[in-house]
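Chemist: The structure is given below, and queries will be raised subsequently.
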Amino acid sequence: MIQSLDPRVARAHIEEDNSIAPLKEMDNWETYEVFHQKKRGDQHLHVGIVHAPNVEMAMLFAKEQYGRRGISVNMWVVRTSDVFATEYEDTDIFETVPEKQYREAGGYKVMEKINKYKKGQKELAG
């Protein structure tokens, strides 16, 4: 194991003869999506991407890049190639109900109705 005074490196348990091969010209390391959790019970939020040769190094890079500035209690790294996503051309799968206004918070805005009612009351009284 690599001995380091940095506790982040020591906790990673990195082998001294790790199998990270040098990159060939025009090759790149894989990308990893980084998610962090600000406090226990919160959901993890996507904060960015790191390039790394393996998942262990991705976690170290993620901690260094995204964990040192803000508050984090937990962090995930996920290989970008493992993320399964819909295609933009497949938007029709989200069109289950043609009218989705009931899902919008705008339907609960009543200030316009209250102001209209108050104006009507003033006109009746005045």
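Chemist: Which residue, of Glu64, Glu15, Glu56, Glu25, is exposed (fewer than 15 other Cβ atoms within 10 Å of the Cβ), part of a helix (DSSP H, G or I) and either touching a Gly at 6+ places or on another chain (Cβ under 8 Å) or modelled with pLDDT under 95 (or both)?
Modeler: Working: Glu15 fails: part of a helix (DSSP H, G or I); Glu56 fails: exposed (fewer than 15 other Cβ atoms within 10 Å of the Cβ); Glu25 fails: part of a helix (DSSP H, G or I).
Residue meeting the stated conditions: Glu64.
Chemist: On to the next question. Among the residues that make up region 51-64, is at least one of them in contact with a helix residue (DSSP H, G or I) (Cβ under 6 Å, 6 or more places away or on another chain), closer than 17 Å to Asp82 by Cβ and free of Cβ contacts under 8 Å to residues at least 60 places away in the same chain?
Modeler: Within region 51-64 (the criterion being in contact with a helix residue (DSSP H, G or I) (Cβ under 6 Å, 6 or more places away or on another chain), closer than 17 Å to Asp82 by Cβ and free of Cβ contacts under 8 Å to residues at least 60 places away in the same chain), the answer is yes, since at least one residue qualifies.
Chemist: When region 11-34 is examined, which residues are found to be small (Gly, Ala, Ser) and within 27 Å of the chain's Cα centre (by Cα)?
Modeler: First, the residues of region 11-34 that are small (Gly, Ala, Ser): 12, 19, 21.
Of everything in region 11-34, just one residue is small (Gly, Ala, Ser) and within 27 Å of the chain's Cα centre (by Cα), namely Ala12.
Chemist: Pick out the one residue from Thr86, Thr91 that is part of a loop (DSSP other than H, G, I, E, B), at pLDDT below 95 and either of a type outside the set (Lys, Arg) or over 16 Å from the mean Cα position of the chain (by Cα) (or both). I'd like the intermediate steps shown before the answer.
Modeler: Details: Thr91 fails: part of a loop (DSSP other than H, G, I, E, B).
When all the criteria are applied, what remains is Thr86.
Chemist: Six or more apart or on different chains, Cβ atoms under 6 Å: show the pairs whose first residue is in region 33-50 and of a type in the set (Gly, Ala, Ser) and whose second is buried (at least 16 other Cβ atoms within 10 Å of the Cβ) and at pLDDT 95 or above.
Modeler: Close Cβ pairs satisfying both conditions: Gly48/Val34.
The values are calculated or read from the model by the stated rules, or taken from the named source; none is laboratory data. Owing to the predicted nature of the structure, the values given are computational and were not obtained by experimental measurement. For neighbour counting, all protein chains shown are included, and Cβ atoms are generated from backbone atoms with ideal geometry for every residue, glycine included.
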